[in-house]
Amino acid sequence: MPDPIVPKGVAHVAVDAVESPDPIVFALQPNLSMLAFTSAVETLRIANQLTGQILYTWTTMSETGENVRCSNGIEIGIDAQLGDTPTNACVFVCSGVEPERAATAKVGDWIRHQWRTGRRVGGLCTGAFTLAKAGILEGKDFTLHWENITPFREMYPTLDPLEQLYAIDDRIMTCGGGVAAMDLFLKLIYDRHGAPLARAVLNMCLHTVQRSETDRQQSSTAAVIGNRNDKLVKIIAHFEENLEESIDLDQVARGLGVSRRQMERLFKTHLNTTPKRFLQDLRLQRARILLAETDMPVVDVAIACGYESAGNFSKRFRETYGISPHRFSAGHG
């Protein structure tokens, strides 16, 4: 284990002295999100700095013991190969893109052992894929990065991830990645050492608001489209929730108390597109995610995204992305 780190700083927060630090183990996987990892570890580092104490220690591990390259190409040093951890450790799997490939049987077996022997375990960004591989998520509240929720549900249909910043369910802790890892670790600091330290760490990170567990990962539909028209927002929300189904635009309009012409006008005025085109773009975006992040055959992806014909799906995909779905899938295989 590396030497504990207590950097020097000007700001100071007094907390009760600890008999021993809390050990945190980060199991880093290939193509992990560097933002999620550093958001977590820097939160711990700042807690040590502000108190002048070794409140936390951290160790990096990998399946082979070799350094791991992040999704941005930067390599992170590894302290040890997967193995024994302190009995009071919190163990986090840090993943990123192509998480199903990183979720090997060996890592799954290791994290399951950590959990069964009493440790708290977690997943940062897409680490939930490995927790699912370990078979420890059944009946638990958990989350992962929103972009990967759709392929996760396809791979694990009996599991239902929450679309929120982070989730803590007994000894399982997960977050959606990015700076949500900071929110999760601020919560751990708050629970362990109190509000003053958590608030001070928040301020040191220039993270102006400590967000709650159930806050959304994504901006609201209104914020994304830059419009708060209630009917337009409701139409888009209906599209997003029913992409795998056949959607009758006339029926959607009637259900929301507008005519088909009014619906067309809403999309033209506020988004400069048509409802049909907007719906197709949503379906193709989901298809692109499934093709990139799962091993689903193209015909199954077409069905999952609401296309009755694989041929029509392939044509639309090629028109939009300049490549056939088969070649796109092979390029990510």
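Where a number appears in this text, it was derived from the coordinates with a stated rule and is not lab data. All values reported here derive from a predicted model rather than from experimental measurement. Cβ placement follows ideal geometry from the backbone for every residue including glycine, while neighbour counts extend to all protein chains displayed.
Observations, loosely collected:
- GluC sites (Glu not before Pro) restricted to DSSP loop in the stretch 232-318 with at most 14 other C-beta within 10 Å: E244, E245, E308
- MRE, 222 nm, helices only [DSSP H, n ≥ 4, -39500 (n - 2.57), over the chain, to nearest 500]: -13500 deg cm²/dmol
- Stretchable slack from T208 to N88, in nm (0.36 nm times residue separation minus alpha-carbon distance): 40.1 nm
- Label-zone membership for the stretch 237-258, site H270, 7 angstrom Cα→C-beta point, backbone N under 20 Å: 237-243, 248-258
- Amide H contacts of D79 (H built 1.01 Å from N, under 5 Å, at least 5 apart or other chain): T60, M61
- Between helix 310-321 and the chain there is an angle of about 70 degrees, using the helix long axis and the longest principal axis of the Cα atoms.
- Normalised convex hull volume, the stretch 221-331, alpha-carbon set, Å³ per residue: 103 Å³
- C-alpha long axis of helix 195-204 to longest principal axis of the chain, angle in °: 70 degrees
- Between helix 230-241 and the chain: long-axis angle, C-alpha atoms, 0 to 90°, nearest 10: 80 degrees
- Pair-distance profile P(r), taking every C-alpha pair of the chain, with 20 angstrom steps and integer %: 28, 50, 20, 1
- The lysine pair tally for the chain, using Cα distances under 20 Å and a gap of 8 or more places or different chains, is 8.
- Percent of Cα pairs exceeding the 28 Å cut-off, where the set is the stretch 22-204: 16 percent
- Normalised contact order of the stretch 1-141, rounded percent, pairs of Cα under 8 Å and 6 or more residues apart: 26 percent
- More than 12 angstrom apart: percent of Cα pairs within the stretch 61-102: 68 percent
- The chymotrypsin sites (Phe, Trp or Tyr not before Pro) of the stretch 256-333 include none that meets both criteria, a DSSP state outside H, G, I, E and B (loop) and at most 16 other C-beta atoms within 10 angstrom of the site's C-beta.
- For the chain, relative contact order (Cα pairs under 8 Å, six or more residues apart, normalised by length) works out to 13 percent.
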